[in-house]
Amino acid sequence: MKLLMIYAERFAYETNQKNLESAPDMEESRVITNAILACIHSEAEDEEQEKKVREKLVKNIKWLAGKLKTKRVILHSFAHLSESKASPEFTKALFDAVQAKLENAEYEVWQTPFGYFLNLELQAPGFSLARVFKSL
């Protein structure tokens, strides 16, 4: 798994083009402020160690959120950080499990529409912990 976390003072998205046939038809737009944007790329090998990967993912998100004093998280599928890719079904189930775990810890969590290319806007400050990359 590859994880790119960006502290977003402002993050906005709007559905543009469906790229996964099984995704529900939708039009959605949202603006979220002061949140950790977790750009997540699930790799094929993650499917064999789902629990371990899920726990590491949650731990890393909570660590950065704690450092930046926020309990707001955006989960965003970003399948461009590695050549290896997990199945869409695995990735979506992982996102749902991570969201539930974070919400149980009193985080406010959003998922960007899964299976869509999105129009994005991002405002991020320029300090070292505003951008963190991890290979889990």
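Every number in this text was worked out from the coordinates using simple rules, so none of it is lab data. Not measured: the values here are computed from a predicted model. So basically every Cβ, Gly included, is an ideal-geometry build from the backbone, and we count neighbours across all protein chains shown.
Please list, by residue number, every one of the trypsin sites (Lys or Arg not before Pro) in region 27-136 that is coil in DSSP and has at most 11 other beta-carbon atoms within 10 Å.
Numbers: sites: R30, K51, K52, R54, K56, K59, K62, K67, K69, K71, R72, K85, K92, K101, R131, K134; in loops: K69, K71, K85.
Answer in residue order: K69.
Where does the chain land at 222 nm, in deg cm²/dmol rounded to the nearest 500, when only DSSP H runs of n ≥ 4 count, each adding -39500 (n - 2.57), divided by all residues?
Calculated from helices alone, the mean residue ellipticity at 222 nm is -8500 deg cm²/dmol.
Round to the nearest 0.05 the FRET efficiency obtained for K59 and R30 when R0 = 22 Å and r is the Cβ-Cβ distance.
Values: r = 26 Å, r/R0 = 1.19.
Approximately 0.25, to the nearest 0.05.
Calculate one ³J(HN,Hα) per residue across region 128-134 by plugging θ = phi - 60° into the Karplus curve 6.51 cos²θ - 1.76 cosθ + 1.60, and present them in order as whole Hz with x for glycine and proline.
4, 7, 6, 9, 9, 10, 9
Using alpha carbon centroids, what distance separates region 90-132 and region 23-49, in Å?
Rounded to whole Å, the Cα centres lie 5 Å apart.
Using θ = phi - 60° and the Karplus form 6.51 cos²θ - 1.76 cosθ + 1.60, what ³J(HN,Hα) does each residue of region 60-65 get, whole Hz, x for Gly and Pro?
Each residue's phi maps through the Karplus curve to give 5, 5, 5, 4, 5, 4 Hz.
How would you classify region 1-113 from its alpha-carbon gyration tensor, with a ≥ b ≥ c the square roots of the eigenvalues: rounded for a/c under 1.5, else prolate if a/b is greater than b/c, otherwise oblate? If you can, show how the numbers build up before the last one.
Numbers: a/c = 1.68, a/b = 1.08, b/c = 1.55.
Oblate is the answer for region 1-113, as a/c is 1.5 or above yet b/c matches or exceeds a/b.
Is region 3-50 rounded, prolate or oblate when judged by the Cα gyration tensor, a ≥ b ≥ c being the square roots of its eigenvalues, rounded requiring a/c under 1.5 and prolate requiring a/b larger than b/c? If you can, show how the numbers build up before the last one.
Working: a/c = 3.30, a/b = 1.15, b/c = 2.88.
Oblate shape, in that a/c is at least 1.5 and b/c is the bigger or equal ratio.
If exposed GluC sites (Glu not before Pro) are those in a DSSP loop with at most 10 other Cβ within 10 Å, what is the longest stretch of the chain that has none? Each step should come with its number before you reach the end.
Numbers: sites that count: E21, E27, E83, E106.
Longest stretch, sites excluded: 28-82.
How charged is the neighbourhood of F11? Take every other residue with its Cβ under 11 Å from the Cβ of F11, and add Lys/Arg as +1 and Asp/Glu as -1. It would help to have the intermediate numbers written out before the result.
Working: positive: R10, R30, R72; negative: E9, E121.
Cβ neighbours under 11 Å give a net charge of +1.
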